[in-house]
Amino acid sequence: MNPLKRQFSSHYQLLLMSLLVLLIQGCQSSSAVSDYDTRKDFSAISEFQQGPSKQGIKPDDLTEERLTKSIEQQLLAKGFSVTNNTGSDQHIIVSHFITTQTKQNNSSINIGLGTGRHSSNSSVGVGVNTSIPVSGRETVEMRVTIDFHQGGKLIWRGFDSFNAKGNDKPEKRQQDIDKAVANILAQYPPGKK
C-alpha cells in the first residue's frame, strides 16, 4: 500500500473511532438531577425503610411494585440495610412517586410545489405546503422522583425521566425503571462524582 493511502486510512480510522467514542458517551449521559440539604452529613446514613408516596395520585400497582423493588434492590447494593429504627441518625425514610406527561408523535411530510422562470420562457404555478400525519402513536414521558426524609424533613431528592410507549413489554418497563433509579441513586451521596 502506498504511504498516502496508508496515512489516509489511519486518519479515517482515527476519525471513526473518535465519532464512536462520542456516540457512546452521548448515549451514556444521564438526565438525573438531585437536590439536598447542604448542612447534612450523609456519610452516617446506612439504614432505610420505604415510606408511603407523597404523591396524591398513586401509579398503577404494577408500576408501583416495579419502582419499589428497584429502589430497594439498588439501595441494598449500595450498602444500605432495611430497618424500622426510625429514631437513628443512620436511618432515612425513602419515598417515591411518578409523574407522567403524554406526548403525541406528530411526524409529518411536507410537500412543496412552486413556479420558475428560465430565460425568456416563464411558467405560472401555485405553491402548496401541506403536512400529512405519519404516526399517531403516543409516548408517555415518565418522571421518577425519589425522596430521602429524616426526622420528618426532606434531606435529599433525585429525579430522572424516560420515555415509555403503551405497547412496551413488562421487561422493557422494568429495565427503564431500573435505569432511571440507577441514574438517580448515582447522584447519592451528594458531592460524589
Worksheet entry | Members of segment 144-193 that are touching a strand residue (DSSP E or B) at 6+ places or on another chain (Cβ under 6 Å) and assigned to a helix (DSSP H, G or I) | ASP176, ALA180, ASN183, ILE184
Practice prompt. Sort out for me the strands (runs of 3 or more DSSP E) sitting completely within segment 22-128 that have 3 or more residues that are of a type in the set (S, T, N, Q) and at pLDDT 75 or above.
Written response: 91-104
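The values are calculated or read from the model by the stated rules, or taken from the named source; none is laboratory data. These numbers come from a predicted model, not from an experiment. A quick note on method: Cβ atoms are made from the backbone with ideal geometry, for glycine too, and the neighbour counts reach across all protein chains shown.
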